[in-house]
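Everything below concerns the one structure shown next.
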Amino acid sequence: MSILVCVICFIAYSFVHPDLQTMQSSVTYIVPSEWTTAKYWFQADVKLRQILVELHKSDVVKTPQFFDLMYENGYVIFHKEANIAYSGPKNPAIVGGRGEESKSPPASTPNDSAKLHDLKAIKTKEGHFNGSSWKIVDWKDPISDDERSKFACDMVTFNSSFSGKDAQICVHTFRDIVSGNIRRKRHWGDCDILPQVWEGLRSSEDGEQEDDVYYVEIGANIGSCVMEMLLGTNAKIIAFEPHPMNVFNLKSTVSELDQSYQDRLVLFPVGLGAKEGTFTIYSVIGKIIKDGESQQFVKKLQFPVHVQRLGSILDAANIRVRLLKMDAQGFECNILDGMGEELAAKIHTIKFEYADKWLNGQNCTNLLPRLNMQFHFNIYRRYAGEGKFSMPLEGSALGTWKKYLSDLFASKWTS
């Protein structure tokens, strides 16, 4: 059910929650109980297209919570005219509006008619360890009844910053940085550069065959970068994500896309590391490393996950990785150990997140020297366009580079 000026529908809640009984039955605005009633506005089985609310007596705690709630539910917030009917402070009215639902984007144009599941680049499609097992996602039946009973997500609009195409993406129902940004901005900014790099590298290859060329994503999270690459390029994609809640979101998203998009994506519901095994995942594999001091790791959000070696899954003899994105919360050195030099030689460029706190927590303090000296990548701070990079890190800077959080590139490109 869709309602254009939806504040009228809040009247129905006056029979449900006493805080809403202060509303007048014929008005289309909310009176001073907005701070306490807002959390109930989105519980009805109706779609609130617009909200007109006059805010009163801002509060240092409740006011930020109110606006966060609006953003998390996908609303754009802006000022209406001031209320001049009464003397005293002029409280601005706020109008919130949600965009129209995005339909599934048109079918993509695949590079060839082969299904990724059938290609030689993939050596291993399933695994077993200590009585448990995993397998690549089957897009004909991606989500189990057990997953549906455990997890939930919200469909919101995702917009590719590169192509402008829209699609629906399933974000977490709880507060989460990536999901919150997608609700507000319709994309996750960390992914914006990826189609640019992919197309720049492709253009610089002078028409080489595309049959064995892939984009590989390690740490796909809920799929924001996968979606950017699906909607913004024709890349064939191999993605890895171990966290069951993230995997559920990603499967929920892709299962709603046209089959031409599904045929371009192989999703492995596993983590990558130096050796095969089963580990507990918190925010990272095997260890509790907080993103912030307030972060909590409750037992119900801790899961056993399968970890595999990348070299045991991808066949170095039958693959070229034009671009690999790695976001593993400090687990990068373990991933390199499981990758091996033969497969690393088939990778042109890696975009990765460098964060001292997470790397130190996983004893991965020599990541940059290893990428440079062992795996023969050059390290850069910026993508310069047309398949080129700038601001190199060289020599002693590789061992002394310290930054709380930054995106870097490891590439075979040389100036």
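With respect to (1) touching a residue at least 40 places away in the same chain (Cβ under 8 Å); (2) open to solvent by less than 30 Å² (accessible area, probe 1.4 Å); (3) over 15 Å from PHE240 (Cα atoms), the lone exception for ALA344 is condition (1). Beta carbons closer than 9 Å, at least 6 apart along the sequence or on distinct chains, pair a first residue in the range 386-415 that is touching a residue at least 12 places away in the same chain (Cβ under 8 Å) and open to solvent by 20 Å² or more (accessible area, probe 1.4 Å) with a second that is β-branched (Val, Ile, Thr) and in a strand (DSSP E or B) for PRO392/ILE379; GLU394/ILE379; TRP401/ILE379; LYS412/ILE347; LYS412/THR349; TRP413/THR349. For the range 225-237, give me the residue count where each residue is touching a strand residue (DSSP E or B) at 6+ places or on another chain (Cβ under 7 Å) and more than 17 Å from ASP263 (Cβ to Cβ). Residues in the range 225-237 being touching a strand residue (DSSP E or B) at 6+ places or on another chain (Cβ under 7 Å) and more than 17 Å from ASP263 (Cβ to Cβ): 1 in total.
Under the condition of being more than 13 Å from HIS348 (Cβ to Cβ), touching a residue at least 60 places away in the same chain (Cβ under 8 Å) and in contact with a helix residue (DSSP H, G or I) (Cβ under 8 Å, 6 or more places away or on another chain), the residues counted in the range 192-209 number 1. Within the range 166-175, the set of residues being touching a residue at least 24 places away in the same chain (Cβ under 8 Å) and of a type outside the set (Lys, Arg) comprises ASP166, ALA167, GLN168, ILE169, CYS170, VAL171, HIS172.
Here the range 241-252 is the region considered, the condition is being in contact with a strand residue (DSSP E or B) (Cβ under 6 Å, 6 or more places away or on another chain) and buried (at least 24 other Cβ atoms within 10 Å of the Cβ), and the residue that is nearest to ASP337 (Cα to Cα) is PRO242. Among the residues making up the range 207-244, those that are within 19 Å of LYS135 (Cβ to Cβ) and either hydrophobic (A, V, I, L, M, F, W, C) or touching a Lys or Arg at 6+ places or on another chain (Cβ under 7 Å) (or both) are VAL216, GLU217, ILE218, ALA220, VAL226, ILE237, ILE238, ALA239, PHE240.
Checked against the criterion of being open to solvent by less than 10 Å² (accessible area, probe 1.4 Å), touching a strand residue (DSSP E or B) at 6+ places or on another chain (Cβ under 7 Å) and closer than 17 Å to PRO269 by Cα, the candidates ILE350, ILE319, ILE379, ILE335 yield just one match: ILE335. Would you check if VAL321 is among the β-branched types (Val, Ile, Thr) and more than 27 Å from GLY385 (Cα to Cα)? For VAL321, the condition - among the β-branched types (Val, Ile, Thr) and more than 27 Å from GLY385 (Cα to Cα) - is not met.
Of the residues that make up the range 132-143, is at least one surrounded by 17 or more Cβ atoms within 10 Å (Cβ to Cβ), closer than 18 Å to GLU241 by Cβ, at pLDDT 75 or above and more than 23 Å from the chain's Cα centre (by Cα)? Among the residues of the range 132-143, not one is surrounded by 17 or more Cβ atoms within 10 Å (Cβ to Cβ), closer than 18 Å to GLU241 by Cβ, at pLDDT 75 or above and more than 23 Å from the chain's Cα centre (by Cα), which makes the answer no. Taken over the range 210-266, residues that are out of contact with any Gly (no Cβ under 6 Å at 6 or more places or on another chain), of a type outside the set (A, V, I, L, M, F, W, C) and within 24 Å of GLY330 (Cβ to Cβ) amount to 12. Scan LEU359, LEU398, LEU405 and give me the residue that is of a type outside the set (D, E, K, R), touching a Pro at 6+ places or on another chain (Cβ under 9 Å) and either modelled with pLDDT under 90 or closer than 18 Å to ASP190 by Cβ (or both). Exactly one of LEU359, LEU398, LEU405 is of a type outside the set (D, E, K, R), touching a Pro at 6+ places or on another chain (Cβ under 9 Å) and either modelled with pLDDT under 90 or closer than 18 Å to ASP190 by Cβ (or both), namely LEU398.
The values are calculated or read from the model by the stated rules, or taken from the named source; none is laboratory data. Note that this is a predicted model, so its numbers are computed, not measured. A quick note on method: Cβ atoms are made from the backbone with ideal geometry, for glycine too, and the neighbour counts reach across all protein chains shown. In case anyone asks, the SASA skips ligands and DNA or RNA and just uses the protein heavy atoms, side chains included. Shrake-Rupley method; radii C 1.70, N 1.55, O 1.52, S 1.80 Å.
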